[in-house]
Amino acid sequence: MVRGPMKIGLVGFPRSGKTTVFNALTGLSAETGAGARGKNNLGVVKVPDGRVDALAAHFRPKKRTYAEIVFSDVGAAAGGSSGVDRALLNAMREVDALCQVVRAFEEPTDPRPVSSQQEIIDLEAETILADLEIIEKRLDRIRKEGGRPAEGPLLERARVQLESGGALRALSFAPEELALLSTYRFLSQKPLLLVLNVEEGKVSEAAPEEVARHTKERGLGLVVLSARVEQDIARMSAEEQKEFASSLGLLEPARDRFIRAAYSLLDLISFLTFGEDECRAWTLRRGSTAQKAAGRIHSDIERGFIRAEVARVEDLLALGSEAKCREAGKLRLEGKEYVVQDGDAVVFRFNV
């Protein structure tokens with residue numbers, strides 16, 4: 001079984017500019033506005049990586065493949081007394097991480113006052129309530145029918161956190177606890193990246209103090225952008241993008257800033273594979289073993305893992321080949337427990 005790319009779900013309240021952000025990140029033209037509500041859009045973005053380009057220039061493979069992120073524009077949250085509908089909550093559970101697009105711009109057709117902080121608090125409250133509902137139902141069933149020994153105490157601990165208004169991502173869990181909790185797909189446990197959608201003239205300004213403080217206190221990611229500006233940038237050529245972004249005081253397009261923030265929030269790295277057929281980057285969670293990295297390519301390689309032959313990309317490029325790296329002592333033989341590092345160039349040996 002081949003493993004898929006990371007999936008990030010974009011969510012936001014109506015008029016936050018969520019789908020415009022989706023279009024800016026993916027280069028697509030999904031419908032925006034009231035007619036688009038309830039629709040789910042999917043887009044794939046290739047993660048820019050100069051190491052893939054360098055390896056491809058050296059090995060001249062038939063194919064070069066970048067790591068990918070799938071963006072799911074999962075629909076707008078209604079808000080107000082009606083809360084977030086169940087279909088949207090279920091769609092949010094299907095992704096690896098959440099990105100909330102938060103309105104921070106005036107809209108002539110919308111008389112409501114802009115309250116970025118309140119939008120952040122409101123969606124967090126909805127995810128906490130949704131998780132609490134699942135836990136209470138499961139605990140009630142455990143009391144009636146029993147469950148795994150560690151399950152009840154773990155869920156009780158999570159319930160206390162949620163009832164106090166805290167998200168589950170703020171708690172620390174042991175690996176075996178995380179494995180158990182993963183079956184529930186709790187929303188408030190998913191990594192959360194905030195995108196503050198500002199007016200064009202404020203794209204180079206810092207986020208408001210209260211938003212920045214809230215983000216830091218809760219360990220969230222934060223990117224400031226203007227969705228309308230970035231959507232225009234996404235439609236330009238690479239050279240035009242640089243010039244226009246520079247004129248606005250931006251060093252790079254929002255997509256690149258977003259990807260970097262997402263990798264940091266999710267604690268992701270990239271390792272690389274290379275050869276005449278393909279040079280490719282693979283996304284992996286930091287701290288993962290060589291055997292787990294093999295599983296990113298294919299489950300058969302993970303099951304039949306023998307060893308990993310590892311060199312640094314810069315050494316491979318400087319010396320020119322695996323053989324030269326081996327001669328220079330720059331190629332290591334690593335076992336299944338080796339912790340893969342960002343920028344490792346790896347050849348996996350395995351039994352079929």
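The values are calculated or read from the model by the stated rules, or taken from the named source; none is laboratory data. Note that the structure is predicted; figures quoted are calculated from it, not measured. Neighbour counts run over all protein chains shown; Cβ positions are idealised from the backbone, glycine included.
A compact table of results
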{"quantity": "Verdict on R285 being at negative phi, crowded, with 19+ Cβ neighbours inside 10 Å and within 22 Å of the chain's Cα centre (by Cα)", "calculated": "no"}
{"quantity": "Enumerated strands (runs of 3 or more DSSP E) restricted to segment 272-335, each holding at least 1 residues that are within 27 Å of K46 (Cβ to Cβ)", "calculated": "278-285, 305-312"}
{"quantity": "Every residue from segment 235-263 that is surrounded by fewer than 22 Cβ atoms within 10 Å (Cβ to Cβ), of a type in the set (A, V, I, L, M) and either within 15 Å of K202 (Cα to Cα) or at pLDDT below 80 (or both)", "calculated": "A238, A245, L248, L250, L251"}
{"quantity": "Exclusive hit being charged (D, E, K, R), touching a Lys or Arg at 6+ places or on another chain (Cβ under 6 Å) and surrounded by fewer than 17 Cβ atoms within 10 Å (Cβ to Cβ), set R296, R326, R303, R349", "calculated": "R349"}
{"quantity": "Residue within segment 230-252 that is of a type in the set (A, V, I, L, M), in contact with a strand residue (DSSP E or B) (Cβ under 9 Å, 6 or more places away or on another chain) and not in a loop (DSSP other than H, G, I, E, B) present", "calculated": "no"}
{"quantity": "Meets criteria (surrounded by fewer than 20 Cβ atoms within 10 Å (Cβ to Cβ), more than 28 Å from M6 (Cβ to Cβ) and β-branched (V, I, T)) for V203", "calculated": "no"}
{"quantity": "Any pair with Cβ under 9 angstrom, 6 or more apart, that starts in segment 40-52 at a residue that is free of Cβ contacts under 8 Å to residues at least 60 places away in the same chain and ends at one that is loosely packed, with under 15 Cβ neighbours inside 10 Å", "calculated": "N41/E31; G43/G27"}
{"quantity": "Test for L162: is it farther than 14 Å from I135 by Cβ and either buried (at least 17 other Cβ atoms within 10 Å of the Cβ) or over 23 Å from the mean Cα position of the chain (by Cα) (or both)", "calculated": "no"}
{"quantity": "Candidate set: segment 116-130, residues that are under 18 Å from E209 (Cβ atoms) and out of contact with any helix residue (DSSP H, G or I) (no Cβ under 9 Å at 6 or more places or on another chain); chosen: the one surrounded by the fewest Cβ atoms within 10 Å (Cβ to Cβ)", "calculated": "Q118"}
{"quantity": "Where L251 falls short, out of the listed (1) without any contact (Cβ under 8 Å) to a residue 60 or more places away in the chain; (2) over 30 Å from Q341 (Cα atoms)", "calculated": "(2)"}
{"quantity": "In segment 45-62, the residues that are of a type outside the set (D, E) and assigned to a loop (DSSP other than H, G, I, E, B)", "calculated": "V47, P48, R60, P61, K62"}
{"quantity": "Filter result for the condition that a residue is at pLDDT 85 or above, surrounded by 14 or more Cβ atoms within 10 Å (Cβ to Cβ) and over 20 Å from P253 (Cβ atoms), over F22, F13, F71", "calculated": "F13"}
